[in-house]
Amino acid sequence: MKFHKLNLPAYSSMYLQLELLQLGANNLTGSIPPSIGNLTSLVHFSVPYNNLVGSIPEEIGHLNNLSILAVAANKFSGELPSSLYNISSITIISTASNGFNGTLPANIGLTLPNLEWLAISSNEFSGPIPLSLSNASKLQALVLSTNNFVGVVPRDLGKLVDLWWLGFGNNFLGSNSTDDLEFLASLKNISRLEILDFSNNQFGGVLPTSIANLSTTLTSLYLGGNQISGAIPTTLEKYTNLQVLDMSANLFTGKIPTYFGRFPKMQAAEEKDSENHSQINGKMENCLHIVLEIGVACSVESPKERMKMGEVIRELVRIKNAFLGFQDCVDRASMPQF
């Protein structure tokens, strides 16, 4: 099926009332037609995992009620339309695994005050990370990994107190200088942080003492592939919920801390690796039951009673972690695709 054969204007009387359009995980080709702008009641637009090409039409900005834009895992290219950043109702932008380029607007955190998920990894975005993102106080996931971002990481991201996933690995951030990691100091205010990824950049200097002030809810810490030097701090021992710790390909010196052998969740990972086939099958069955329950919660007739999309994605990530065990089971190159 070719997406451009969808003749939206021919059914305008019906489509004007359309609030949810989900076409993910099909074999759609072609491009998103400019007539998408006629669906002025649209709240949720989701077309991930297809073979769509071209750019997102500027007419998307006509959708003043749009809350979710999910176009990940396609073959899109070009810049995101400037009109998108003026839709103040947007809560989720998911564009991972495409060929989008350009820069993020300097005022994105001001024009999108309701933004909860910004998932734009595995594209070709460039330029600096906008300082205004710290004003998007509802952000729960900020994942900018595998792009071409440069410059410094904003030093007031700690204002995003609901953040649980912060990822900007595989970019060109930092300048191999001693103050590259100063952004870590503000993260002490984020009490729910679970995943922190600043690997494969150009960060230099030693790990600052503020690395000890992160939330103890931290499960995954990626800082490999930089130019970080000095001894491995003893203060990392406090993160007893760590399942993944990647410090590879840096300039650390000294001895391997003895506490590395005492991370309980990492020990649990080793035990889970030895589970037999029948136990894995049982785990799969339990996970599938939970996924089914989520599907039911998302399908209730009343929109107000449906499970919120942010909660859905977070729960699915947890299920994925539970099924695969405490390994590197979060795909850092992409985000949940909605």
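Considering only residues that are exposed (fewer than 12 other Cβ atoms within 10 Å of the Cβ), part of a loop (DSSP other than H, G, I, E, B) and touching a strand residue (DSSP E or B) at 6+ places or on another chain (Cβ under 7 Å), which ones fall in region 243-264?
G254
Every residue, every condition in (1) closer than 30 Å to N135 by Cα; (2) modelled with pLDDT under 95; (3) out of contact with any helix residue (DSSP H, G or I) (no Cβ under 6 Å at 6 or more places or on another chain), yes or no:
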| residue | (1), (2), (3) |
| --- | --- |
| A10 | no, yes, yes |
| E19 | yes, yes, yes |
| L23 | no, yes, yes |
| F45 | yes, no, yes |
| G78 | yes, no, yes |
| I90 | yes, no, yes |
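Out of (1) crowded, with 19+ Cβ neighbours inside 10 Å; (2) in contact with a Phe, Trp or Tyr (Cβ under 7 Å, 6 or more places away or on another chain); (3) farther than 26 Å from A136 by Cβ; (4) not basic (K, R), what's the single condition that is false for E194?
(3)
Sort through N213, N170, N176, N200 and tell me the only one that's within 26 Å of G102 (Cβ to Cβ) and out of contact with any Ser or Thr (no Cβ under 7 Å at 6 or more places or on another chain).
Checking each option against the conditions leaves just N200.
Can you list residue pairs whose Cβ atoms sit under 9 Å apart, with the first residue in region 36-61 being within 17 Å of Q22 (Cβ to Cβ) and in contact (Cβ under 8 Å) with a residue 40 or more places away in the chain and the second being among the basic types (K, R) and not in a loop (DSSP other than H, G, I, E, B)? Count only pairs 6 or more apart in sequence or on different chains.
N50/K75; L52/K75
Among (1) closer than 13 Å to D197 by Cα; (2) at pLDDT 95 or above, where does V244 come up short?
Looking at each condition in turn, V244 falls short on (2).
I'd like the full set of residues that are in contact with a strand residue (DSSP E or B) (Cβ under 8 Å, 6 or more places away or on another chain), part of a loop (DSSP other than H, G, I, E, B) and closer than 14 Å to G174 by Cα, limited to region 225-242. I'd like the intermediate steps shown before the answer.
First pass over region 225-242, keeping only residues in contact with a strand residue (DSSP E or B) (Cβ under 8 Å, 6 or more places away or on another chain): 226-232, 236, 239, 242.
Next, from what is left, pick out any that are part of a loop (DSSP other than H, G, I, E, B): 226, 232, 239, 242.
Residue satisfying the conditions is N226 alone.
Hey, among the residues in region 83-96 that are surrounded by fewer than 24 Cβ atoms within 10 Å (Cβ to Cβ) and not hydrophobic (A, V, I, L, M, F, W, C), which one's nearest to I60 (Cα to Cα)?
Going through the qualifying residues, I end up with S83.
Check L104, L184, L139 and return the single one that is crowded, with 23+ Cβ neighbours inside 10 Å, closer than 22 Å to L69 by Cβ, among the aliphatic types (A, V, I, L, M) and touching a residue at least 24 places away in the same chain (Cβ under 8 Å).
L139
The values are calculated or read from the model by the stated rules, or taken from the named source; none is laboratory data. Model, not experiment: these values are computed from the prediction. Virtual Cβ from ideal backbone geometry, glycine too; neighbours counted across all protein chains shown.
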